[in-house]
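One structure is given here, and the rest of the page talks about it.
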Amino acid sequence: MKSKIYMKKIVITLAVIFCNLLVFIQTNAQCEKEKFCKENLGDYDYRSQSSFAELSPGDTSSVNFVLYGNQRYRIFVCSDPELGDVSWKVVRPERVTKRSIASIKKDTAVIYQVNETGDYITDESGNLVVKSKKVNVDTLWNTQRVAVDKVMFDNKKNSDKMFFEVTPKKTERYIVRVSIPDGDPNFAGCSNVYIGKLPIESKNFSKQGHQRTGDTH
Amino acid sequence: MKINYLKLLLFSSISLAMCSCNNTTPPSENILEDSTETKEVSELQKSIVKIPSPIELFSFIYDANAKFNKENLNSIDKVSKYNTKQKQALNLGIYASDLGYCTVFKHNKETFSYFSVTKKMADNLGLTEGFDKKIVNRIDQNMSNSDSLYQISNDSYSTAISFLEQQGQGNLLPLMITGSWIESVNIAIKSVDKFDANNEIVIRITDQALLLENILEMYKSMGEDTKEADIYNKLLNLQQSFDKLYDNTDQIITKRQFDEISSKVKAIRAQLIS
């Protein structure tokens, strides 16, 4: 009898865990399905690097991504209105190389005399005859690469713009930093970071089903 | 009995907490030592790292008029060899990348074969969301429509990635991404007929340094025990070769640097598909 009750408890517990897990999976999945700011989407493809998360008041979040050079992108953050006035920035970590002298080495290079056939000349004791001496100064550098964030867009300073658009000249890393204002810590809502790439009409992608010649099968 | 029951509840709560906080790290770990802007810290910071889908790289390769070469793909006959979760995650990424290559280059027959094998790997890992019956039907219905296959392939890839993220399978996600990234870079390298620093594909290969940085960031968020140290160290070693490009002044990459990167990528890929 006791074991039956115990089994029942296990089954109930596992069911609760499973339901919780499902809720967890689905809430994030719901965030993905939640189309906030539909009007911002435009013709961009958001599948590659967008991020969908559930955040609570006071949380901050960052999404680190890569934008290819010479491609057009649209970036924006849209959140559950109940999260309040969410602030977000697009920053570009710029690599800066800092060099400092680690040490200075001084080496004396000796140049020996040679004869007309290029062979070294020796003195009476058999030692090579010194032609000249040169002091080589070799500076050893410490190279440190550091990332300094450059703010590209701040929604608080661009209240008239709903999104940030960029066409990087070269491929670069970007970060979107999201900050949820303080509020009820028990509340959680979706805060989605949309990273859209404008599909460029491919030079070779115009005809449906067209296969180029010369491919190796 | 009561104690065991409570233990079970406690254990399950901890398991659930670990699952849901996969992407959550203490603020101090997210501060770049050298950054001027990133020192704003709040109570909780969630950090998510993304890289572009391999399909984007294949589109650049396609636009550069590279030829499709079936020899570049991982053989579908190897699928039964991959019987650990790690190998399955790595090769799910590799096959997903191959699938993307076939769709971008409009090789519909291969697209179907690679979709089937990718689905099999995904099923083994329980990723039925990304490759469900609806998608199989869409593939069937669009066998002759390359542009639709391209969209379907793109959808499946992003759904599988999202599903792994949502399920908190943090240890499998970097492996799958590593597999798909290495395969795409390997295909890009093999698509270069003759080295030229100004070649569009070569330039896109140099861009991969930044994607690799993000992949390594993903590994950093993994626990030491699940980090797959061997793969991580090989990627770090590859990063050293990419890092040399930052010192170049005259050209973006030299032939020697290209060969060094190619050789390391090929070696890692060979290990992953073995």
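The values are calculated or read from the model by the stated rules, or taken from the named source; none is laboratory data. None of the values given here were measured: they were computed from a predicted structure. Heads up, the Cβs are rebuilt from the backbone with ideal geometry, glycines too, and the neighbour counts pull from every protein chain shown.
When only residues in region B:71-96 that are assigned to a helix (DSSP H, G or I) and among the aliphatic types (A, V, I, L, M) count, which is nearest to residue B:185 (Cα to Cα)?
My answer is B:94.
For region A:155-179, name all the residues that are within 22 Å of the chain's Cα centre (by Cα) and either within 11 Å of chain B (Cβ to nearest Cβ) or among the aliphatic types (A, V, I, L, M) (or both).
If the condition is that a residue be within 22 Å of the chain's Cα centre (by Cα) and either within 11 Å of chain B (Cβ to nearest Cβ) or among the aliphatic types (A, V, I, L, M) (or both), then A:166, A:168, A:170, A:171, A:172, A:173, A:174, A:175, A:176, A:177, A:178, A:179 are the ones that fit.
For region B:48-70: of the residues being within 7 Å of another protein chain (Cβ to nearest Cβ) and part of a helix (DSSP H, G or I), which is farthest from residue B:104 (Cα to Cα)?
Only one residue tops the list, namely B:70.
Can residue B:176 be described as assigned to a helix (DSSP H, G or I) and touching a strand residue (DSSP E or B) at 6+ places or on another chain (Cβ under 7 Å)? Walk me through it before giving the result.
Details: assigned to a helix (DSSP H, G or I): yes; touching a strand residue (DSSP E or B) at 6+ places or on another chain (Cβ under 7 Å): no.
Answer is no for this residue.
State whether one or more residues within region A:100-118 are of a type in the set (A, V, I, L, M, F, W, C) and outside any strand (DSSP E or B).
Scanning region A:100-118, I find no residue that is of a type in the set (A, V, I, L, M, F, W, C) and outside any strand (DSSP E or B), so the answer is no.
Residues A:171, A:216, A:167: which one is at pLDDT below 90 and either of a type in the set (Val, Ile, Thr) or in the same structural domain as residue A:64 (by TED's automatic domain parsing) (or both)?
On inspection, the qualifying residue turns out to be A:216.
Can you find even one residue in region B:102-125 that is of a type in the set (A, V, I, L, M), at pLDDT below 80 and crowded, with 24+ Cβ neighbours inside 10 Å?
First, pick out the residues of region B:102-125 that are of a type in the set (A, V, I, L, M): B:104, B:117, B:121-122, B:125.
If we keep only those that are at pLDDT below 80 as well, we get none.
No, that holds for no residue.
Of the residues that sit in region A:56-84 and are of a type outside the set (Gly, Ala, Ser) and more than 26 Å from residue B:213 (Cα to Cα), which one is farthest from the other protein chains (Cβ to nearest Cβ)?
The qualifying residue farthest from the other protein chains (Cβ to nearest Cβ) is A:81.
Please determine whether any residue of region A:91-103 is facing chain B (nearest Cβ under 9 Å) and at pLDDT 95 or above.
For region A:91-103, residues facing chain B (nearest Cβ under 9 Å) and at pLDDT 95 or above: present.
Can you name the condition, by its number, that residue B:255 falls short on among (1) at pLDDT below 95; (2) surrounded by fewer than 18 Cβ atoms within 10 Å (Cβ to Cβ)?
The one condition residue B:255 does not meet is (1).
Hey, can you tell me all the residues within region A:104-154 that are more than 14 Å from every other protein chain (Cβ to nearest Cβ) and in contact with a Leu (Cβ under 7 Å, 6 or more places away or on another chain)?
Result: A:105, A:112, A:120, A:122.
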